[in-house]
Amino acid sequence: MDWLEEELKSALSRKEPAGGFDERVLAAARRPKTVMLPRRWMAAAAALVVLAGAGQAYRWHRGQEARDQVMLAMRITGKKLSYVQTRIAGDRQ
Amino acid sequence: MVFSVAYHFLHDRELAEEIAQDVFLSLHRNLGALESAAHAAHWLRKVAVQRSIDAARRRSRRPQVALDDVAEPGERPAPGDPLLGELLRKLIATLPEGQRMAMVLRYQEDLDPSEIAAVMGIPLGTVKSHIQRSLALLREKLARRGVGER
């Protein structure tokens, strides 16, 4: 081993963490484990929620449209029936 | 050993402590899989190396110290001088990650190249080449700063 390697051994001698490190590790080990989701999973989950919400809103909108169409058809039919009845009554008189 | 590997590799005390804590928590979770003290030591080194490299890659988006940015010391440090130790640590911090980790394991952990290859999961030839290149580069940089042989 030459002088540089000896200097490297000395320069890279082991360092210790700040005081209380063992206690901090033990405290962390005792803490109940919380699952930390990676960001990309959180983004995917958020996208799913948005998509599901949009799908629900679209279905609601389609339902409203269908209901309005049925109501309109019933109103038209009602008017036509009333017109026919009026004509029949007129003919009889 | 775990903290020290991360510290010398990353040159960041806070991040090194975070990694060391994370490694020991992993050890706590994997205690059942470890067969002996030697196995545990190997496992700790390997996980510390992996986590440190991962942290360095995550950090790599931030500007790093380039080799030429390491300030010239006011006085020429001589072998055995604490200033030389500090200069060496700064120069090692500027090496590419593979070379840097090989140097930390060689001179801090006193591992031989085959042990380093096993811990880093790279071929023995690559480890030898990392160490030779790093030593040559350090000698050149030190010579440029007027630090020579005893």
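Some observations on this one:
- For segment A:10-41, a tally of residues being surrounded by 14 or more Cβ atoms within 10 Å (Cβ to Cβ) and either in contact with a Cys (Cβ under 7 Å, 6 or more places away or on another chain) or in a helix (DSSP H, G or I) (or both) returns 7.
- Segment B:83-105 - residue that is facing chain A (nearest Cβ under 8 Å) and closer than 17 Å to B:Ser4 by Cα and, of those, surrounded by the fewest Cβ atoms within 10 Å (Cβ to Cβ): B:Glu86
Residues checked against (1) in a helix (DSSP H, G or I); (2) within 21 Å of B:Leu10 (Cβ to Cβ); (3) among the acidic types (Asp, Glu); (4) at pLDDT below 90:
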position: B:Met101; (1), (2), (3), (4): yes, yes, no, no
position: B:Leu111; (1), (2), (3), (4): no, yes, no, no
position: B:Ser114; (1), (2), (3), (4): yes, no, no, no
position: B:Gly125; (1), (2), (3), (4): yes, no, no, no
position: B:Ser129; (1), (2), (3), (4): yes, no, no, no
position: B:Gln132; (1), (2), (3), (4): yes, no, no, no
position: B:Leu137; (1), (2), (3), (4): yes, yes, no, no
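- Only one of A:Met1, A:Met42 that is closer than 30 Å to B:Glu140 by Cα and either hydroxyl-bearing (Ser, Thr, Tyr) or more than 8 Å from chain B (Cβ to nearest Cβ) (or both): A:Met1
- Qualifying residues in segment B:1-59 (those that are within 13 Å of chain A (Cβ to nearest Cβ) and not in a helix (DSSP H, G or I)) - the one farthest from A:Lys15 (Cα to Cα): B:Asn30
- The C-beta contact set for segment B:1-28 (first residue on the phi > 0 side of the Ramachandran plot, second residue in a helix (DSSP H, G or I), distance under 6 angstrom, 6+ apart or interchain) comprises B:His11/B:Ala93.
The values are calculated or read from the model by the stated rules, or taken from the named source; none is laboratory data. Values in this document were obtained by computation on a predicted structure and should not be read as measured data. Every residue, glycine among them, receives a Cβ derived from its backbone with ideal geometry; neighbour counts consider all protein chains shown.
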